[in-house]
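The values are calculated or read from the model by the stated rules, or taken from the named source; none is laboratory data. Note that the structure is predicted; figures quoted are calculated from it, not measured. Counting neighbours? That spans all protein chains shown, and the Cβs are built from the backbone with ideal geometry, glycine included. Note: areas computed on protein heavy atoms with side chains; ligands, DNA, RNA excluded. Shrake-Rupley method; radii C 1.70, N 1.55, O 1.52, S 1.80 Å.
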Amino acid sequence: MLVAHQPGSQPIKIPEAIPNPVFEPSRTPGPANPVRTPTREPVKEPA
Amino acid sequence: MYVPFNKFLEVLEVTCPGEIEELAGSCLVVDHGCVPVGLKVQYISSNQEPFVGLIENLGGSAEVLMKNRYKNKRASLCLVLPPVGSARSAILFLECLEKYTGIPFFGNRDIQIQVCSPGRLGNRYAGILTLGFYLGSDTLRTYELGDLSTTFAFDPNVARGIRMVIYDGGGALVKEFEWWDFSTTSRFFKKTKHRIVRQQLPFAHERTDVLACSSRKDIENVNLIATLLVHAMMGGYWQELGMDFANDMTNLLSQHELAGHLDAPWVHDDDGADIRNLYLDNGRFIDALREVGAYALDEAARIGKRGGTGGILYEVSDMLRKYRTEMVRQSYAH
């Protein structure tokens, strides 16, 4: 385990081998047009 | 010393006939004027079982392994493969070996792939090759000196120290691969570059090897960087592009205040050096590599915490992509 430290910052521990973040798969984006769940209009009570 | 390529094809054809047919057709083909690729497979495990059948069918241990004095000190065997024309063929060769042995060669902590390129790069270029490979790899590792120690580290005749990049040991080099050269004509104050494809490499035995490669991307990156830098050094076809790459990498390192590390002893080039200097230089090399690695990982962790991207790792990958694209473009343009 390597400890990396920059002045003014807390040291961080670096494991022996880590995937290069450049090649990590990005998060799957959400749908462009999400389905809207229809909402029920409240029924107006007759006067 | 290595087993002839035809013998490998004959043995590996049993488990992957289609791939071997493709490899047989492409093994001498050079891609875009890049230098050919030699490989050494270092197996860091005491259980040699996966390789027993392969070694027997290639001619036995005496023929395949014992003739070669060189290996990683922690390796139980070092399989020296005959060189092929391109990174693409080298990767295909290893994939065929994976199928035959039944163990993964890529991303396997028990396997170190040594990528060998023709030509001996000077120290500064060896530093650029080391850092370009290291920062452009898909896995970043912290190394101890013991991970990179070879049987030639302190050899009295061919001492190579402990490095990520080492020179050849004076053995034979297969020269029968294309080497892209160029000539220039001037007409009406306009210079035109003409490609000359020579049928032999301009080297006798000189090589620069990168130890501890572990992925397809590593092989491709080392081949690209070694090509650019050896052409820059030798005045080959890619001289201008290679010098631009060296300058860009140096500037990138300067921007991150790491350019001073290019003066570290990245490759040992003095056969018969004082043993005390060898030890000192080993320490200076690993310190420089660790500092650059720690900086890169620290920066990536901090940027990642903020949810962003960027930093030296992205910049190196972008640069390698840019130069690969430009090399392909220029190779088709002329």
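Once the range B:117-159 is narrowed to residues that are of a type in the set (A, V, I, L, M, F, W, C) and touching an Asp or Glu at 6+ places or on another chain (Cβ under 7 Å), the residue that is farthest from the other protein chains (Cβ to nearest Cβ) is B:Val158. The criterion of at least 1 residues that are under 24 Å from A:Glu24 (Cβ atoms) and among the hydrophobic types (A, V, I, L, M, F, W, C) is met by the following strands (runs of 3 or more DSSP E) wholly inside the range B:51-154: B:111-118, B:139-141.
Residues that are open to solvent by less than 30 Å² (accessible area, probe 1.4 Å), within 14 Å of the chain's Cα centre (by Cα) and not aromatic (Phe, Trp, Tyr) are absent from the range B:98-111 altogether. Based on what the data block shows, is B:Leu278 of a type in the set (A, V, I, L, M, F, W, C), more than 9 Å from every other protein chain (Cβ to nearest Cβ), touching a residue at least 60 places away in the same chain (Cβ under 8 Å) and open to solvent by less than 70 Å² (accessible area, probe 1.4 Å)? Yes; evaluated as a whole, the condition is true for this residue.
Quick grid of which residues meet (1) open to solvent by less than 10 Å² (accessible area, probe 1.4 Å); (2) within 15 Å of B:Gly132 (Cα to Cα):
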{"site": "B:Leu228", "(1), (2)": "yes, yes"}
{"site": "B:Gly236", "(1), (2)": "yes, no"}
{"site": "B:Arg302", "(1), (2)": "no, no"}
{"site": "B:Lys305", "(1), (2)": "no, no"}
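Within the range B:229-252, can one find any residue that is touching a His at 6+ places or on another chain (Cβ under 9 Å) and either over 17 Å from B:Leu121 (Cα atoms) or assigned to a strand (DSSP E or B) (or both)? No, the range B:229-252 contains no residue that is touching a His at 6+ places or on another chain (Cβ under 9 Å) and either over 17 Å from B:Leu121 (Cα atoms) or assigned to a strand (DSSP E or B) (or both).
Among the residues making up the range B:1-57, those that are under 14 Å from B:Tyr100 (Cα atoms) and among the β-branched types (Val, Ile, Thr) are B:Val11, B:Val14, B:Thr15, B:Ile20, B:Val52, B:Ile55. Only one entry of B:Leu129, B:Leu65, B:Leu135, B:Leu97 meets the criterion of being aliphatic (A, V, I, L, M) and modelled with pLDDT under 95, and that entry is B:Leu65.
For the range B:1-18, a residue qualifies if it is open to solvent by 50 Å² or more (accessible area, probe 1.4 Å) and part of a helix (DSSP H, G or I), and the qualifying residues are B:Asn6, B:Lys7, B:Glu10, B:Pro17.
Within the range B:202-212, how many residues turn out to be open to solvent by 20 Å² or more (accessible area, probe 1.4 Å) and either within 8 Å of the chain's Cα centre (by Cα) or among the hydroxyl-bearing types (Ser, Thr, Tyr) (or both)? Residues in the range B:202-212 being open to solvent by 20 Å² or more (accessible area, probe 1.4 Å) and either within 8 Å of the chain's Cα centre (by Cα) or among the hydroxyl-bearing types (Ser, Thr, Tyr) (or both): 0 in total. Only residues that are surrounded by 10 or more Cβ atoms within 10 Å (Cβ to Cβ) and in a strand (DSSP E or B) were counted across the range B:184-201, and they come to 7. Applying the criterion of being facing another protein chain (nearest Cβ under 9 Å) and assigned to a helix (DSSP H, G or I) to the residues of the range B:307-334, the residue that is most open to solvent (accessible area, probe 1.4 Å) is B:Asp318.
Determine which member of the set B:Gly38, B:Gly33 is assigned to a loop (DSSP other than H, G, I, E, B), open to solvent by less than 20 Å² (accessible area, probe 1.4 Å) and either touching a residue at least 40 places away in the same chain (Cβ under 8 Å) or in contact with a strand residue (DSSP E or B) (Cβ under 6 Å, 6 or more places away or on another chain) (or both). After ruling out the rest, the residue left standing is B:Gly33.
Applying the criterion of being of a type in the set (Ser, Thr, Tyr) and within 19 Å of B:Lys67 (Cβ to Cβ) to the residues of the range B:1-50, the residue that is modelled with the lowest pLDDT is B:Tyr2.
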